[in-house]
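Before any comments, here is the structure.
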Amino acid sequence: MNVIIIGCGKTGARLAAELDERGFDISIVDEDERKFESLPSDFSGLVVCGEVTDIDVLKNAGCENADIAVVVTQSDNINVMVSQMLKTEFETEKIYTRILDPAREAVFRKFGLRTVCPTRHETDIFFDIVTEDFEEISSITLGGNTVQFVFEKAGKKTLGKEANEIFCRKNEMVFALIKETGELVLANNENFIVDEGDIVVFSVVWQ
């Protein structure tokens, strides 16, 4: 399988090395020749130095025959531009694009880009670590899906808010509110307002 990687930073170089070790045919492109020093000495893939938005450079890297493209430069704008070029000029079917800005990642995803947002993933990981001692978790299985319920004590970021105003992570949504009196208020209830002492119930669906 032919894989082209645009950007030989830490992520691009490591991905190229690991795929090369597994026997994939790898091409990697970067405009800074010094970046290729991060590749292992026994790297057998094709290394192309040049402007990543230059069609001739991409042709030299074998984009016309690429099965998969991974675009991981340090610039969101360049990543999107190159991804569009790969899609329109070379008709690459599978293109995975790194977007560092979570807000922009959501927009580009709507335009059909397969995006990966490391900022969002890192935030989710640290959020789980920080809050693990303050949450109770239970789950149920419905068909082939597992629905996990997270019970979080109301904090300063949620006090006074309605369900649609509360920040949710990927695959997560506000399910209900457990009032201090024990009353359960569903998220679609017009009386859903978070007060001190309440518990916010989130649902997370795992497929």
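Just so it is clear, none of the values below were taken in a lab; they were calculated from the coordinates. Note that the coordinates shown come from a computational prediction; the quantities given were computed from them, not determined experimentally. Quick reminder, even Gly has a Cβ in these numbers, built from the backbone with ideal geometry, and neighbours come from all protein chains shown.
Below is a table of values for the structure above.
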{"quantity": "10 Å Cβ shell holding at most 11 others, DSSP loop, chymotrypsin sites (Phe, Trp or Tyr not before Pro): longest site-free stretch of the chain", "calculated": "1-110"}
{"quantity": "Environment charge of Lys156, counting only residues whose C-beta is closer than 15 Å and scoring Lys/Arg +1, Asp/Glu -1", "calculated": "-2"}
{"quantity": "Degrees separating the helix 10-21 axis from the principal Cα axis of the chain, which is the longest one", "calculated": "70"}
{"quantity": "Candidate lysines - alpha carbon under 21 Å from Lys156, same-chain residues fewer than 8 apart omitted", "calculated": "Lys179"}
{"quantity": "Crossing angle, helix 76-89 versus the chain [Cα axis fit, 0-90 degrees, rounded to tens]", "calculated": "60"}
{"quantity": "The chain: translational diffusion in µm²/s, Stokes-Einstein, Kirkwood Rh over Cα pairs, 25 °C, 0.890 mPa s", "calculated": "124"}
{"quantity": "Separation of the Val107 and Asp54 label points, Cα + 7 Å toward Cβ, nm", "calculated": "3.0"}
{"quantity": "Mean residue ellipticity (222 nm) of the chain, computed from DSSP H runs ≥ 4 via -39,500 (n - 2.57), nearest 500", "calculated": "-8000 deg cm²/dmol"}
{"quantity": "HN-Hα J in Hz across the range 33-40 - Karplus 6.51, -1.76, 1.60, θ = phi - 60°, x for Gly and Pro", "calculated": "4, 5, 5, 5, 5, 6, 6, x"}
{"quantity": "For Val70, residues with placed amide H under 5 Å, excluding near neighbours", "calculated": "Ile4, Ile5, Ile6, Tyr96"}
{"quantity": "Label point distance in nm, Val205-Glu89, each placed 7 Å from Cα along Cα→Cβ", "calculated": "3.9"}
{"quantity": "Tail weight of P(r) past 20 Å, computed on alpha-carbon pairs of the range 16-77, percent", "calculated": "23"}
